[in-house]
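**Student:** Below is a structure I'd like to ask you about.
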Amino acid sequence: MSVFWNKRTVNLSPYIPGEQPRDRKFIKLNTNENPYPPSPAVVAAIEQVLVVNSQNNGNNVKGEKLRLYPDPLCTEFREAVAAAYGVKPSQVFPGNGSDEVLGFVFGAFFEGDSDAILFPDITYSFYPVYADLWDISYRTIPVTEDFSININDYSVSSGGVIISNPNAPTGRDLPVSDLLQLARKLEQNNRVLVVDSAYAVFGAQSLVPYITDHPNLLTVHTLSKSASLAGLRVGFAIGSEELIEGLFRIRDSFNSYTMDVLALAGGSAAVLDKAYYNEINKKVMVTRDTTAVALKEMGFDVIPSKANFLFITYPGISGHVLFQSLRDKGILVRHFNKPRIADYLRVSIGTSEDMDAFLVACREIIELPGN
């Protein structure tokens, strides 16, 4: 707390990211990173930026592009996304990770003095942070006992809706028909439906093919999970041209250069290398499903997941105890000490070797005397 902070800063409760340890080596299953390396095409594209780009006074100059501002329109990247998803570049908004894109979404489409926006009570915990930052009223809709989202609960007057599909941290997904039904309902009142698609590549159906018929539908994507680029910070949104223009208006009121030249080059290569990423993400899904079966056989309750993580609990052992016991064994997972989910852990899917070690640790913990 500081006397120099304004009221907005004082009243904020910032988002707390997952632990990034530096003091010891862990099997890291706490931040939904992809366990496999990025495409070689991504590395080559970034290296190309850093190699010889021009000649200066007859001498080869390495990294010349780093001296210059990046393309503010992110043309190459937007064209790559458009080609990969079958849309127009004008329907693509680029950003410094999907978190930044989501921040702009709240500023562009949700009002502070209108009906409250809606999102689930158990979902990505950044949503209320964005709402508070932009002074937007919101109302959380309870998920069901099995953590499902009942789409009919959102068919009420609102200032708009944002839903993560698959939802985080549960991993459950909604059918496209439910989301399109909601989009039509919201369009009647000139409201936007934002579908946060950070984990969609791991088993959920894409809504991108429907944006042309639904001008109020915006999908938000990240390359952190699907393309093994959490360290590069690349995200984007796909929607109608009028929604994309609105996002650019907000972005350009903050910073017109949100993506650097390395992110633009690497991100462009990533979205175009479908073959490589289809292969590694299929491995993630297979490992997820085999891990879920093994956990169930041990007695864990496992929520069905279409994401690159599992949401689990073990009867009789608190979430905090299980989290700390795994950490003591060198395995990091995510624990949310919140109502309804305090006894659950979110476990990112690592390599098959990572998950084998995780399963061994789980068995040792639950077989301890007193557990």
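**Student:** Working carefully through the options 273, 260, find the one that is open to solvent by less than 40 Å² (accessible area, probe 1.4 Å), in contact (Cβ under 8 Å) with a residue 60 or more places away in the chain and charged (D, E, K, R).
**Tutor:** Values: 260 fails: open to solvent by less than 40 Å² (accessible area, probe 1.4 Å).
None of the other options fit; the residue is 273.
**Student:** Residue by residue through the stretch 317-326, note down the ones that are more than 14 Å from residue 363 (Cα to Cα) and either open to solvent by less than 10 Å² (accessible area, probe 1.4 Å) or touching a residue at least 12 places away in the same chain (Cβ under 8 Å) (or both).
**Tutor:** Matches in the stretch 317-326: 318, 319, 320.
**Student:** Can you pull out every residue in the stretch 314-330 that is within 15 Å of residue 31 (Cβ to Cβ), out of contact with any Cys (no Cβ under 9 Å at 6 or more places or on another chain) and hydrophobic (A, V, I, L, M, F, W, C)? Show your work before the answer.
**Tutor:** Within the stretch 314-330, the subset within 15 Å of residue 31 (Cβ to Cβ) is 323, 326-327.
Pick out the ones that are also out of contact with any Cys (no Cβ under 9 Å at 6 or more places or on another chain) and you get 323, 327.
Across the stretch 314-330, the qualifying residue is only 323.
**Student:** I need every pair where a residue in the stretch 353-364 that is over 14 Å from residue 328 (Cβ atoms) has its Cβ under 6 Å from the Cβ of a residue that is in a helix (DSSP H, G or I) and modelled with pLDDT of 95 or more, sequence separation at least 6 or different chains.
**Tutor:** 355/287; 355/291; 359/294
**Student:** Please find, within the stretch 286-307, the residue that is nearest to residue 363 (Cα to Cα) out of those that are of a type in the set (Val, Ile, Thr) and open to solvent by 50 Å² or more (accessible area, probe 1.4 Å).
**Tutor:** Narrowing the stretch 286-307 to residues of a type in the set (Val, Ile, Thr): 286-287, 290-291, 293, 302-303.
Right, trim to open to solvent by 50 Å² or more (accessible area, probe 1.4 Å) and you get 286, 290, 293.
On the way: 286: 21, 290: 16, 293: 14 Å.
Only one residue fits best here, namely 293.
**Student:** Quick one: would you say residue 283 is in contact (Cβ under 8 Å) with a residue 60 or more places away in the chain, over 30 Å from residue 213 (Cα atoms), within 22 Å of the chain's Cα centre (by Cα) and surrounded by fewer than 17 Cβ atoms within 10 Å (Cβ to Cβ)?
**Tutor:** The answer is yes for residue 283.
**Student:** Take residues that are touching a residue at least 24 places away in the same chain (Cβ under 8 Å) and either open to solvent by 40 Å² or more (accessible area, probe 1.4 Å) or over 30 Å from residue 265 (Cβ atoms) (or both) and tell me which of the strands (runs of 3 or more DSSP E) falling wholly in the stretch 52-171 contain 3 or more.
**Tutor:** Working: elements: 52-56, 59-62, 92-95, 117-120, 138-141, 161-164.
Strands (runs of 3 or more DSSP E) meeting the threshold: 117-120, 161-164.
**Student:** Still on this structure, please answer the following. Anything in the stretch 207-266 that is closer than 15 Å to residue 79 by Cα and of a type in the set (Phe, Trp, Tyr)? List them, or say none.
**Tutor:** Residue satisfying the conditions is 236 alone.
**Student:** Let me ask another. May I ask you to list the residues in the stretch 184-233 that are without any contact (Cβ under 8 Å) to a residue 12 or more places away in the chain and of a type in the set (Gly, Ala, Ser)?
**Tutor:** 231
**Student:** Of everything in the stretch 266-292, what is within 19 Å of residue 307 (Cα to Cα) and polar (S, T, N, Q)? Give them in sequence order. Reasoning before the result, please.
**Tutor:** To start, the set of residues in the stretch 266-292 that are within 19 Å of residue 307 (Cα to Cα) comprises 271, 274, 276-292.
278, 281, 287, 290, 291, listed by residue number.
**Student:** Considering only the stretch 326-371, state which residues are of a type in the set (A, V, I, L, M, F, W, C) and part of a strand (DSSP E or B). Give the derivation first.
**Tutor:** Of the stretch 326-371, the ones of a type in the set (A, V, I, L, M, F, W, C) are 326, 331-333, 336, 341-342, 345, 347, 349, 355, 357-362, 365-366, 368.
Matches in the stretch 326-371: 331, 332, 345, 347.
**Student:** Just the residues that are modelled with pLDDT under 95 and touching a Phe, Trp or Tyr at 6+ places or on another chain (Cβ under 9 Å), please, taken from the stretch 227-255.
**Tutor:** Hit for the stretch 227-255 is 254, nothing else.
**Student:** Another question, if that's okay. Whether any residue in the stretch 4-22 is modelled with pLDDT of 90 or more, open to solvent by less than 80 Å² (accessible area, probe 1.4 Å) and within 26 Å of the chain's Cα centre (by Cα) is what I want to check.
**Tutor:** There is no residue in the stretch 4-22 that is modelled with pLDDT of 90 or more, open to solvent by less than 80 Å² (accessible area, probe 1.4 Å) and within 26 Å of the chain's Cα centre (by Cα).
**Student:** Looking only at the stretch 339-371, which residues are under 20 Å from the mean Cα position of the chain (by Cα) and either of a type in the set (A, V, I, L, M) or farther than 27 Å from residue 283 by Cβ (or both)?
**Tutor:** 341, 345, 347, 349
**Student:** Okay, moving on. Taking residue 332 as the residue in question, decide whether it is among the aliphatic types (A, V, I, L, M), open to solvent by 20 Å² or more (accessible area, probe 1.4 Å) and modelled with pLDDT of 95 or more.
**Tutor:** Details: among the aliphatic types (A, V, I, L, M): yes; open to solvent by 20 Å² or more (accessible area, probe 1.4 Å): no; modelled with pLDDT of 95 or more: yes.
No: the conditions fail for residue 332.
**Student:** So which residues in the stretch 333-346 are aliphatic (A, V, I, L, M) and touching a helix residue (DSSP H, G or I) at 6+ places or on another chain (Cβ under 7 Å)? I'd like the intermediate steps shown before the answer.
**Tutor:** Going through the stretch 333-346, the residues aliphatic (A, V, I, L, M) turn out to be 333, 341-342, 345.
Residues satisfying the conditions are 333, 342, 345.
**Student:** May I pose another question? Sort out which residues of the stretch 26-51 are part of a loop (DSSP other than H, G, I, E, B) and either more than 22 Å from residue 307 (Cβ to Cβ) or of a type in the set (Lys, Arg) (or both), and write them in order of number.
**Tutor:** As a first pass, look at the stretch 26-51 and keep what is part of a loop (DSSP other than H, G, I, E, B): 26, 29-39, 51.
51, the sole residue that qualifies.
The values are calculated or read from the model by the stated rules, or taken from the named source; none is laboratory data. What you see is a predicted model; the values in this text were computed from it and never measured. In this analysis, Cβ positions are derived from the backbone assuming ideal geometry, glycine residues included, and neighbour counts consider all displayed protein chains. Ligands, DNA and RNA are excluded from the accessible area calculation, which covers all protein heavy atoms including side chains. Shrake-Rupley method; radii C 1.70, N 1.55, O 1.52, S 1.80 Å.
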